[in-house]
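First comes the structure, then the notes that go with it.
Bear in mind that the values in this text are calculations on the coordinates, not laboratory data. A quick note: this is a predicted structure, and the numbers were derived from the prediction, not measured. Note that we place each Cβ from the backbone using ideal geometry, even for glycine, and neighbour counts take in every protein chain shown.
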Amino acid sequence: MIKLISVDRLQAGMYVHDLNCGWLQHGFVRNRFRVASADDVRKVREIGVAEIYVDTRRGLDPDTLHIPEAAPAKPSTEAEAAPEPAPEPEAGEPPPAEPPAVHTPAKAATRFERACALHREANQIVSDMLVDIRLGKQIEMEKVEPLVGRIVDSIFTQQDALLPLARLKQHDNYTFQHSVSVCALMTAFARTLEVSREVIREIAVGALLHDVGKARVPDEILNKPGKLTDAEFDRMKSHVVQSKIILQATPGISQIALDVAAQHHERFDGTGYPNKLRSEQISLYGRMGAIVDVYDAITSNRVYHKGMAPTEALRKLLEWSANHFEPRLVKAFIRSVGIYPTGALVRLESKRLAVVQAQHAEKPMQPTVKVIFHTAGHYLQPADLDLRRSQDRIVGHEDFADWNIDALRWLPQ
């Protein structure tokens, strides 16, 4: 059971579920951990938050203990003599080191490591949520909202760390990984549109939950490698209505989040579904969701097709903006991800391959890249190259798999 408690009630033996603050505000490697000592208690209090969430299933329950408010936490002699065994790591989380490190300073973890941890956590939460929905359970917003807060914080402080990870998916896990990717992309998109942070959080909630209705679509349809029959396609399309039904029954869902989920398959020219809305009948958030959902889908490898290169996908979005998407929003989305998105593998005129490391808004065709490979078939000494100050230039997009290059190894650190 997740409980919100005053930070003054925290003591050793409790399990922190959420620190209730921005992802970069605290100094812990993980967002969830067992409080092992009085020193851990002190470090949590030094963050400066008034309240935190604890998980009573994995640690001590504050309501069964006599813990006076504002009393300094002291190590328990009994607990030190016979410490509780550490809990098994949650699925999707790396196993703790020996001994478990629960309070390594944030500076010891790179932005890439922190983005990886957040990405794993997000994928696990959405995966678990889809399983719960299939079992008839309700969405637990006490898990969704803190997660969304951390995703928004990450995009605002280090967009180039999380977005490239969101592009990496496995065929068998596409459904929930797509939801996490759409959430990150929608957050970046909304930020480009200068939407208020409060509204961005609601947009991100809707994006993370936009496909929950797929939990009510059979796996044999979701993962069918061939073309769907008309009946199967109708069943697939029903996921939008199912998403709306599920979210309407979820306490705390805003109209903004509901619009993202219920309208992400509507099209600007009225050819979408389920209600064939057109133009301004579709909310801004639904129009945004339509663009992001398609972009992530067509750039992802699926059981039935190979994903497009990001540059080709952006070209297709521009082409389709003549009918399906609002042109001004497509252009804004391209600004948010970049013509050559961070983390993409590109070919340079010099016949070298490089991974995009950072965008330059004033020179979108000339990002900073890390040169790593030569098309003659050998690795090079890695070197950063700012194409704004180089005679070299990008001539095309490449696929990591075609060159047997590990994408994760070369993402921005």
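Near Gln413: Cβ cut-off under 12 Å, other residues only, Lys/Arg at +1 and Asp/Glu at -1. The net charge is +1.
Sorting Trp403, Trp410 on the 10 Å Cβ count, fewest up front, what's the list? Intermediate results must be reported in sequence, preceding the final value.
Details: Trp403 14, Trp410 21.
So the ranking, lowest neighbour count to highest, is Trp403, Trp410.
The amide H of Gln357, built 1.01 Å from its N in the peptide plane, has Gly343, Thr368, Val369, Lys370 as neighbours under 5 Å, considering only residues 5 or more places off or on other chains. Tally Lys and Arg at +1 and Asp and Glu at -1 over the other residues with C-beta under 13 Å from the C-beta of Glu232: what net charge comes out? Summing Lys and Arg as +1 and Asp and Glu as -1 gives 0.
Less than 9 Å Cβ to Cβ from Leu147, Lys/Arg counted +1 and Asp/Glu -1: what total charge do the surrounding residues give?
Values: positive: Lys143, Arg150; negative: Asp18, Glu121, Glu145.
It works out to a net charge of -1.
For region 153-272, the spread of Cα positions along the three principal axes, ordered from largest to smallest, is 44, 32, 30 Å.
By the beta-carbon count within 10 Å of each Cβ, the least crowded to most crowded order of Cys116, Cys183, fewest first, is Cys116, Cys183.
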